[in-house]
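Structure first, then comments.
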Amino acid sequence: VPKFLSSGDARFGWPKRPKLEALTMSDVKAWIQPSLDKDAIEVAIVGDFDPDALKVELARTFGAMEKRATEVDSQEQARQVSFPQGGQEKTFTFHSEQPKGIMLYAWPTEDMLDIQRARRLNMLSRVLRDRMRVEIREQLGEAYSPRASHTGSKVFEDYGSLTAQVVGDVEKIALIRDTVVEIAESLVDEGTNEDELGRVLKPTLTSLEEQLRNNSYWLYTVMSGATVYPDQLEWAKSIFDDYESIAVEDINLLAKEFLKPENAVAVNVMPEPTQEHVH
(Lines give C-alpha, C1' and ligand atoms only; values in the text may rest on other atoms or scores of the structure.)
Protein backbone atom coordinates (compact mmCIF):
# COMPACT_ATOMS: atom_id res chain seq x y z
CA VAL A 1 0.00 0.00 0.00
CA PRO A 2 2.75 2.57 0.80
CA LYS A 3 4.29 1.82 -2.60
CA PHE A 4 0.95 2.47 -4.32
CA LEU A 5 0.52 5.71 -2.35
CA SER A 6 3.92 6.85 -3.64
CA SER A 7 3.12 6.11 -7.32
CA GLY A 8 5.17 2.91 -7.31
CA ASP A 9 8.37 4.40 -5.84
CA ALA A 10 10.66 1.46 -5.05
CA ARG A 11 11.84 3.08 -1.80
CA PHE A 12 8.43 2.46 -0.24
CA GLY A 13 7.26 -1.01 0.70
CA TRP A 14 9.09 -4.28 0.10
CA PRO A 15 10.81 -5.46 -3.08
CA LYS A 16 9.74 -8.70 -4.71
CA ARG A 17 10.93 -11.72 -2.77
CA PRO A 18 13.40 -13.06 -5.40
CA LYS A 19 15.12 -9.65 -5.55
CA LEU A 20 15.34 -9.51 -1.77
CA GLU A 21 16.70 -13.06 -1.48
CA ALA A 22 19.36 -12.35 -4.12
CA LEU A 23 21.02 -9.73 -1.88
CA THR A 24 24.15 -10.71 0.04
CA MET A 25 26.02 -9.26 3.00
CA SER A 26 28.60 -8.01 0.49
CA ASP A 27 25.88 -5.97 -1.21
CA VAL A 28 24.88 -4.49 2.13
CA LYS A 29 28.49 -3.68 3.02
CA ALA A 30 29.15 -2.01 -0.34
CA TRP A 31 26.05 0.15 0.19
CA ILE A 32 26.63 1.24 3.79
CA GLN A 33 30.43 1.15 4.26
CA PRO A 34 31.17 4.51 2.57
CA SER A 35 28.77 6.22 4.98
CA LEU A 36 30.33 4.46 7.97
CA ASP A 37 33.79 5.51 6.79
CA LYS A 38 33.39 9.19 6.01
CA ASP A 39 29.89 10.67 6.38
CA ALA A 40 29.06 13.30 8.98
CA ILE A 41 27.91 12.06 12.39
CA GLU A 42 25.19 13.68 14.48
CA VAL A 43 25.24 12.97 18.21
CA ALA A 44 22.06 13.75 20.16
CA ILE A 45 21.93 13.30 23.95
CA VAL A 46 19.12 14.10 26.35
CA GLY A 47 18.66 13.45 30.06
CA ASP A 48 20.36 14.32 33.33
CA PHE A 49 24.08 14.76 32.68
CA ASP A 50 27.02 17.05 33.38
CA PRO A 51 27.67 19.00 30.13
CA ASP A 52 31.36 19.55 30.90
CA ALA A 53 31.99 15.89 31.67
CA LEU A 54 30.07 14.92 28.55
CA LYS A 55 32.26 17.12 26.35
CA VAL A 56 35.33 15.29 27.66
CA GLU A 57 33.81 11.90 26.81
CA LEU A 58 32.73 13.05 23.34
CA ALA A 59 36.24 14.36 22.64
CA ARG A 60 37.71 11.04 23.79
CA THR A 61 35.40 8.93 21.62
CA PHE A 62 33.82 10.60 18.60
CA GLY A 63 36.41 13.38 18.65
CA ALA A 64 39.22 10.84 18.33
CA MET A 65 37.91 9.48 15.03
CA GLU A 66 39.59 10.32 11.74
CA LYS A 67 38.40 13.50 10.03
CA ARG A 68 35.00 13.10 8.38
CA ALA A 69 32.57 15.21 6.37
CA THR A 70 31.34 18.17 8.40
CA GLU A 71 28.04 18.64 6.56
CA VAL A 72 25.24 16.22 5.79
CA ASP A 73 24.53 15.67 2.10
CA SER A 74 20.97 16.96 1.67
CA GLN A 75 20.30 14.59 -1.27
CA GLU A 76 18.01 17.14 -2.91
CA GLN A 77 17.60 15.11 -6.10
CA ALA A 78 16.31 12.14 -4.12
CA ARG A 79 13.63 14.11 -2.26
CA GLN A 80 11.00 13.74 -4.95
CA VAL A 81 7.98 11.46 -4.76
CA SER A 82 4.39 11.87 -5.88
CA PHE A 83 0.95 10.80 -4.69
CA PRO A 84 -0.96 8.70 -7.25
CA GLN A 85 -3.47 10.26 -9.62
CA GLY A 86 -6.78 10.85 -7.86
CA GLY A 87 -9.84 8.75 -8.57
CA GLN A 88 -8.03 5.39 -8.57
CA GLU A 89 -9.12 2.31 -6.64
CA LYS A 90 -6.63 -0.47 -5.93
CA THR A 91 -7.22 -3.88 -4.36
CA PHE A 92 -4.55 -6.00 -2.66
CA THR A 93 -5.23 -9.57 -1.55
CA PHE A 94 -3.82 -11.78 1.19
CA HIS A 95 -4.31 -15.33 2.49
CA SER A 96 -6.82 -15.57 5.32
CA GLU A 97 -9.78 -17.67 6.39
CA GLN A 98 -11.30 -14.67 8.17
CA PRO A 99 -13.84 -12.70 6.08
CA LYS A 100 -12.36 -9.36 7.15
CA GLY A 101 -10.88 -6.68 4.95
CA ILE A 102 -9.36 -3.22 5.28
CA MET A 103 -10.73 -0.11 3.65
CA LEU A 104 -8.26 2.75 3.24
CA TYR A 105 -9.17 6.09 1.70
CA ALA A 106 -6.42 8.68 1.25
CA TRP A 107 -6.15 12.31 0.19
CA PRO A 108 -2.85 13.98 -0.81
CA THR A 109 -1.70 16.82 1.44
CA GLU A 110 1.69 18.51 1.93
CA ASP A 111 4.96 17.95 3.77
CA MET A 112 5.36 18.91 7.43
CA LEU A 113 7.87 21.72 6.97
CA ASP A 114 5.06 24.26 7.35
CA ILE A 115 4.58 23.13 10.93
CA GLN A 116 1.48 25.21 11.67
CA ARG A 117 -0.32 23.74 8.67
CA ALA A 118 0.86 20.22 9.58
CA ARG A 119 -0.50 20.55 13.12
CA ARG A 120 -3.87 21.72 11.83
CA LEU A 121 -3.99 18.85 9.35
CA ASN A 122 -3.39 16.55 12.33
CA MET A 123 -6.44 18.03 14.02
CA LEU A 124 -8.51 17.74 10.84
CA SER A 125 -7.69 14.02 10.78
CA ARG A 126 -8.79 13.71 14.41
CA VAL A 127 -12.10 15.44 13.69
CA LEU A 128 -12.57 13.01 10.79
CA ARG A 129 -11.71 10.07 13.06
CA ASP A 130 -14.21 11.22 15.69
CA ARG A 131 -17.00 11.39 13.11
CA MET A 132 -16.01 7.97 11.79
CA ARG A 133 -16.22 6.59 15.32
CA VAL A 134 -19.76 7.89 15.70
CA GLU A 135 -21.12 7.02 12.28
CA ILE A 136 -19.31 3.76 11.50
CA ARG A 137 -18.90 2.12 14.88
CA GLU A 138 -21.99 3.38 16.65
CA GLN A 139 -24.50 3.74 13.82
CA LEU A 140 -23.42 1.00 11.39
CA GLY A 141 -22.11 -1.24 14.15
CA GLU A 142 -18.97 -1.86 12.10
CA ALA A 143 -15.31 -1.71 13.09
CA TYR A 144 -14.36 -1.29 16.71
CA SER A 145 -11.74 1.38 16.08
CA PRO A 146 -11.85 3.31 12.80
CA ARG A 147 -8.65 5.28 12.29
CA ALA A 148 -7.75 8.52 10.56
CA SER A 149 -4.37 10.22 10.61
CA HIS A 150 -2.23 12.73 8.80
CA THR A 151 1.37 12.07 7.82
CA GLY A 152 3.48 14.86 6.37
CA SER A 153 6.99 14.02 5.24
CA LYS A 154 10.11 15.85 6.38
CA VAL A 155 12.17 14.11 3.72
CA PHE A 156 10.07 14.33 0.56
CA GLU A 157 9.07 17.78 -0.65
CA ASP A 158 5.33 18.55 -0.77
CA TYR A 159 4.47 14.93 0.07
CA GLY A 160 1.93 13.94 2.68
CA SER A 161 -1.42 12.20 3.03
CA LEU A 162 -4.49 12.18 5.20
CA THR A 163 -5.85 8.65 5.45
CA ALA A 164 -8.96 7.00 6.84
CA GLN A 165 -8.71 3.28 7.59
CA VAL A 166 -11.32 0.80 8.77
CA VAL A 167 -11.31 -2.97 9.31
CA GLY A 168 -14.66 -4.56 8.56
CA ASP A 169 -16.57 -7.48 7.08
CA VAL A 170 -15.73 -8.02 3.42
CA GLU A 171 -19.30 -7.57 2.22
CA LYS A 172 -19.56 -4.19 3.97
CA ILE A 173 -16.26 -2.65 2.87
CA ALA A 174 -17.96 -0.69 0.05
CA LEU A 175 -20.61 0.63 2.45
CA ILE A 176 -17.94 1.69 4.93
CA ARG A 177 -16.00 3.51 2.19
CA ASP A 178 -19.15 5.30 1.01
CA THR A 179 -19.79 6.40 4.60
CA VAL A 180 -16.23 7.76 4.92
CA VAL A 181 -16.65 9.68 1.67
CA GLU A 182 -19.93 11.17 2.93
CA ILE A 183 -18.31 12.20 6.23
CA ALA A 184 -15.46 13.91 4.37
CA GLU A 185 -17.90 15.68 2.06
CA SER A 186 -19.84 16.97 5.07
CA LEU A 187 -16.61 18.42 6.48
CA VAL A 188 -15.97 20.17 3.16
CA ASP A 189 -19.53 21.50 2.84
CA GLU A 190 -20.47 22.23 6.45
CA GLY A 191 -17.21 22.20 8.40
CA THR A 192 -16.69 21.39 12.05
CA ASN A 193 -17.82 23.37 15.11
CA GLU A 194 -16.50 24.46 18.51
CA ASP A 195 -17.92 21.45 20.34
CA GLU A 196 -16.49 18.90 17.92
CA LEU A 197 -13.07 20.54 17.74
CA GLY A 198 -12.93 20.85 21.52
CA ARG A 199 -13.72 17.17 21.88
CA VAL A 200 -10.59 16.18 19.97
CA LEU A 201 -8.35 19.11 20.95
CA LYS A 202 -8.59 18.65 24.73
CA PRO A 203 -7.10 15.11 24.81
CA THR A 204 -4.46 16.25 22.32
CA LEU A 205 -3.32 19.00 24.69
CA THR A 206 -3.28 16.54 27.61
CA SER A 207 -1.14 14.18 25.54
CA LEU A 208 1.24 17.01 24.66
CA GLU A 209 1.75 17.86 28.33
CA GLU A 210 2.78 14.27 28.97
CA GLN A 211 4.93 14.18 25.83
CA LEU A 212 6.94 17.22 26.87
CA ARG A 213 8.00 15.38 30.05
CA ASN A 214 9.28 12.39 28.09
CA ASN A 215 12.93 12.06 27.09
CA SER A 216 12.02 10.02 24.00
CA TYR A 217 10.12 13.00 22.58
CA TRP A 218 13.09 15.32 23.03
CA LEU A 219 15.52 12.77 21.60
CA TYR A 220 13.63 11.34 18.63
CA THR A 221 11.34 14.22 17.64
CA VAL A 222 13.32 17.33 18.56
CA MET A 223 17.03 16.46 18.62
CA SER A 224 17.39 13.63 16.12
CA GLY A 225 17.92 15.01 12.64
CA ALA A 226 18.32 18.61 13.80
CA THR A 227 21.52 18.89 11.77
CA VAL A 228 19.42 18.68 8.61
CA TYR A 229 16.19 20.15 10.05
CA PRO A 230 17.25 22.83 12.57
CA ASP A 231 13.72 24.29 12.51
CA GLN A 232 12.47 21.39 14.61
CA LEU A 233 14.35 22.85 17.59
CA GLU A 234 12.06 25.86 17.29
CA TRP A 235 8.95 23.73 16.65
CA ALA A 236 9.24 22.28 20.15
CA LYS A 237 9.01 25.76 21.69
CA SER A 238 5.68 26.54 20.04
CA ILE A 239 3.97 23.14 20.04
CA PHE A 240 1.63 23.58 23.00
CA ASP A 241 0.63 27.19 22.38
CA ASP A 242 0.15 26.56 18.67
CA TYR A 243 -2.15 23.59 19.17
CA GLU A 244 -4.07 25.53 21.83
CA SER A 245 -4.67 28.36 19.33
CA ILE A 246 -6.20 26.16 16.60
CA ALA A 247 -9.59 27.53 15.58
CA VAL A 248 -12.65 26.07 13.85
CA GLU A 249 -12.00 28.21 10.79
CA ASP A 250 -8.46 26.79 10.48
CA ILE A 251 -9.86 23.27 10.22
CA ASN A 252 -12.68 24.24 7.86
CA LEU A 253 -10.30 25.95 5.42
CA LEU A 254 -8.04 22.90 5.32
CA ALA A 255 -11.01 20.56 4.82
CA LYS A 256 -12.07 22.55 1.75
CA GLU A 257 -8.50 22.60 0.43
CA PHE A 258 -7.50 18.98 0.95
CA LEU A 259 -10.56 16.72 1.30
CA LYS A 260 -11.50 16.96 -2.36
CA PRO A 261 -12.94 13.64 -3.56
CA GLU A 262 -11.42 13.99 -7.04
CA ASN A 263 -7.91 13.91 -5.51
CA ALA A 264 -8.45 10.89 -3.26
CA VAL A 265 -7.60 7.25 -3.90
CA ALA A 266 -9.27 4.14 -2.47
CA VAL A 267 -7.45 0.99 -1.34
CA ASN A 268 -9.00 -2.35 -0.44
CA VAL A 269 -6.99 -5.04 1.34
CA MET A 270 -9.06 -8.19 1.00
CA PRO A 271 -8.73 -11.93 1.71
CA GLU A 272 -8.46 -14.02 -1.43
CA PRO A 273 -11.75 -15.73 -2.36
CA THR A 274 -11.95 -19.36 -1.24
CA GLN A 275 -11.97 -21.95 -4.00
CA GLU A 276 -14.95 -24.30 -4.02
CA HIS A 277 -14.06 -27.81 -5.16
CA VAL A 278 -16.61 -30.02 -6.89
CA HIS A 279 -16.35 -33.76 -6.07
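The values are calculated or read from the model by the stated rules, or taken from the named source; none is laboratory data. Note that the structure is a prediction, hence the values are computed from the model and not measured. Glycine gets a Cβ as well: all are built from the backbone with ideal geometry, and neighbour counts include every protein chain shown. Surface accessibility is based on the protein's heavy atoms, side chains included, excluding ligands, DNA and RNA. Shrake-Rupley method; radii C 1.70, N 1.55, O 1.52, S 1.80 Å.
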*Any idea which of (1) in a loop (DSSP other than H, G, I, E, B); (2) open to solvent by less than 70 Å² (accessible area, probe 1.4 Å); (3) out of contact with any strand residue (DSSP E or B) (no Cβ under 7 Å at 6 or more places or on another chain) is the one R117 doesn't satisfy?*
(1)
_Matching option when the condition is over 20 Å from the mean Cα position of the chain (by Cα) and within 28 Å of V81 (Cβ to Cβ), among V127, V134, V181, V167_ = V181
*Exactly one condition in (1) part of a loop (DSSP other than H, G, I, E, B); (2) out of contact with any Leu (no Cβ under 8 Å at 6 or more places or on another chain); (3) at pLDDT 95 or above is not met by F83; state its number.*
(2)
*Which one is farthest from T227 (Cα to Cα), of the residues in the range 130-178 that are modelled with pLDDT of 95 or more and among the polar types (S, T, N, Q)?*
Q165
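For the range 86-103, which residues satisfy the criterion of being part of a loop (DSSP other than H, G, I, E, B) and exposed (fewer than 11 other Cβ atoms within 10 Å of the Cβ)?
Listed by number, the residues that qualify are H95, E97, Q98.
For every residue, the table says whether it meets (1) open to solvent by 40 Å² or more (accessible area, probe 1.4 Å); (2) touching a residue at least 60 places away in the same chain (Cβ under 8 Å).
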residue: I183; (1), (2): no, no
residue: V188; (1), (2): no, yes
residue: L197; (1), (2): no, yes
residue: Q211; (1), (2): yes, no
residue: G225; (1), (2): no, yes
residue: P230; (1), (2): yes, no
*If you go through the range 86-95, how many residues are at pLDDT below 95 and either under 21 Å from the mean Cα position of the chain (by Cα) or at positive phi (or both)?*
0
*Output the residues belonging to the range 13-38 that are open to solvent by less than 100 Å² (accessible area, probe 1.4 Å), outside any helix (DSSP H, G or I) and closer than 30 Å to R68 by Cβ.*
T24
_For the structure I just gave you, tell me whether A106 is among the small types (G, A, S) and either surrounded by fewer than 16 Cβ atoms within 10 Å (Cβ to Cβ) or in contact (Cβ under 8 Å) with a residue 60 or more places away in the chain (or both)._
yes
*Residue ranges of helices (runs of 4 or more DSSP H) in the range 160-246 with at least 3 members under 18 Å from R119 (Cβ atoms)*: 194-211, 231-244
